[in-house]
Amino acid sequence: MPSSTAASSSPAVRADQAIAGLAPGYFALVMGTGIVSVGLRTAGYDGAALALLVLAAVAAAVLVVLYVLRGLRHPARMRADARNPETAFGYFTVVAAASVLGVGMHDVGLGTASVVLLGIGAALWVVLGYVLPWQVLMTRDGEPILARTNGSWFIWSVASQSLAVGLSGLRPATPAFADLLGVLTVLFWSVGTILYAGIAVLVILRIVHFGITPQQFEPTYWVAMGALAIAVVAGAGIYAMDSVPMVDAARGLIGGTVVIFWCFALWQLPLLAGAGLWRHLIHRVPLRYVPSLWSIVFPLGMFAVASMRLGRVEHLPMVEIVGDVVLVVAVLAWAAVAVGLVLTLVRGLRGARATAG
């Protein structure tokens with residue numbers, strides 16, 4: 001008879017444990033892969049862009065299955081993550097992933113798929129946007145909520161802006177739909193911008209009052225820069241939209257604001273890179289694959305796209321050159337994190353086979 005230890009380490013049990021521990025923010029993998037694909041297409045590398053778009057779609061399909069299994073087999077774990085201030089906002093990566101994937105589909109001519117994905121993203125944004133913050137704010141487990149605020153909260157803002165990006169690229173069939181599209185696009189951009197400001201205040205207050213250790217400075221803090229970058233992409237998209245009342249009313253404000261956002265995002269790059277050196281080189285926090293590393297890939301890719309699109313819309317060649325350079329960095333970062341993921345999966349499979357043997 002097999003021992004209880006052997007049974008508890010069987011491949012099936014290990015797989016179930018992996019599903020139970022699936023990070024709420026793992027759809028950042030789709031976000032990062034998808035936005036690097038968009039960046040490559042913007043730069044003219046259509047073949048590489050299509051390959052990454054396919055990878056992003058496959059990853060999204062796999063993650064949907066895994067999250068459904070997690071919800072069916074481990075509902076208590078999912079509810080606990082939704083109430084935890086440190087993990088809850090990771091669920092908004094589903095919204096952003098759907099939107100980024102929708103943008104990629106639109107770019108390759110799959111308009112219907114794009115609209116469906118944006119519709120799914122918008123529906124999830126409405127539900128999660130009211131449920132998750134309420135769950136977090138009602139958490140009473142003895143530790144101040146402010147002390148557990150982190151960079152993942154910015155994903156709430158990213159989710160809103162991602163819908164603005166997707167909607168701004170659609171071409172409405174009727175004037176009535178064009179008016180509605182203009183209202184929704186400006187609404188999502190505005191809500192995302194206000195959310196960013198509020199979350200930034202909370203994160204700064206957390207750092208000032210409670211400090212932050214090298215271990216606590218996780219890759220999700222890079223989303224602070226990525227949220228600004230996606231606001232630039234969304235704003236540039238709105239600026240280029242056809243004339244409708246809501247867009248015309250906001251065009252001037254948004255056109256000037258996105259330039260400021262781009263400058264502040266650029267300023268954050270060396271700050272975040274320096275903090276990473278402080279974490280890993282000075283304090284020697286091990287650099288190994290964790291799902292949150294995709295939270296670095298996405299902001300880099302989004303900043304590259306923001307720079308290229310802002311440079312073209314506002315006729316700023318230097319800004320566009322910055323985008324070309326950062327795109328190279330984003331591709332390298334994507335490759336490094338992807339290799340880390342593959343090696344982690346290979347080690348897991350080898351461990352499962354060794355246990356089975």
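Report every pair of residues separated by at least 6 positions or lying on different chains whose Cβ atoms are under 8 Å apart, first residue within the range 125-141 and farther than 17 Å from VAL95 by Cβ, second in a loop (DSSP other than H, G, I, E, B) and modelled with pLDDT under 95.
If the second residue must be in a loop (DSSP other than H, G, I, E, B) and modelled with pLDDT under 95, the pairs left are LEU137/ILE145; THR139/ASN84; THR139/PRO85; THR139/ILE145.
Within the range 279-286, can one find any residue that is touching a residue at least 40 places away in the same chain (Cβ under 8 Å), under 23 Å from ARG148 (Cα atoms) and either part of a loop (DSSP other than H, G, I, E, B) or touching a Gly at 6+ places or on another chain (Cβ under 6 Å) (or both)?
yes
Does the range 61-80 contain any residue that is in contact with a helix residue (DSSP H, G or I) (Cβ under 8 Å, 6 or more places away or on another chain) and closer than 26 Å to LEU40 by Cβ?
Within the range 61-80, one or more residues are in contact with a helix residue (DSSP H, G or I) (Cβ under 8 Å, 6 or more places away or on another chain) and closer than 26 Å to LEU40 by Cβ.
Being more than 21 Å from the chain's Cα centre (by Cα) and among the aromatic types (Phe, Trp, Tyr) is the filter here, so list the residues in the range 194-214 that pass it.
PHE210
Could you please find all residues in the range 277-312 being within 26 Å of VAL258 (Cβ to Cβ) and surrounded by fewer than 17 Cβ atoms within 10 Å (Cβ to Cβ)?
Passing the criteria: only ARG312.
So if I check each of ARG77, ARG41, which one is in contact (Cβ under 8 Å) with a residue 40 or more places away in the chain, basic (Lys, Arg), farther than 17 Å from PRO291 by Cα and crowded, with 21+ Cβ neighbours inside 10 Å?
Matching residue, one of ARG77, ARG41: ARG41.
Filter the range 211-248 for residues that are of a type outside the set (A, V, I, L, M, F, W, C) and closer than 28 Å to PRO175 by Cβ; which is surrounded by the fewest Cβ atoms within 10 Å (Cβ to Cβ)?
Out of the qualifying residues, it is SER243.
Out of (1) crowded, with 19+ Cβ neighbours inside 10 Å; (2) part of a loop (DSSP other than H, G, I, E, B), what's the single condition that is false for GLY142?
It fails just one condition, (1).
Please state which one of GLY39, GLY34 is in a helix (DSSP H, G or I), modelled with pLDDT of 95 or more, under 18 Å from GLY90 (Cα atoms) and among the small types (Gly, Ala, Ser).
Only one candidate passes the filter, namely GLY34.
Can we say THR112 is within 13 Å of the chain's Cα centre (by Cα), in a helix (DSSP H, G or I) and polar (S, T, N, Q)?
No; evaluated as a whole, the condition is false for this residue.
Of the residues THR93, THR112, only one is of a type in the set (S, T, N, Q) and in contact (Cβ under 8 Å) with a residue 24 or more places away in the chain; which?
Exactly one of THR93, THR112 is of a type in the set (S, T, N, Q) and in contact (Cβ under 8 Å) with a residue 24 or more places away in the chain, namely THR93.
Give me the pairs, please: first residue somewhere in the range 228-243 and over 23 Å from ALA178 (Cβ atoms) and free of Cβ contacts under 8 Å to residues at least 24 places away in the same chain, second residue anywhere and among the charged types (D, E, K, R) and buried (at least 24 other Cβ atoms within 10 Å of the Cβ), beta-carbon distance under 6 Å, and either six or more positions apart or on two chains.
none
The values are calculated or read from the model by the stated rules, or taken from the named source; none is laboratory data. From a predicted model like this one, the values you see are computed outputs, not experimental measurements. Glycine also receives a Cβ, built like all others from the backbone with ideal geometry; neighbour counts cover every protein chain displayed.
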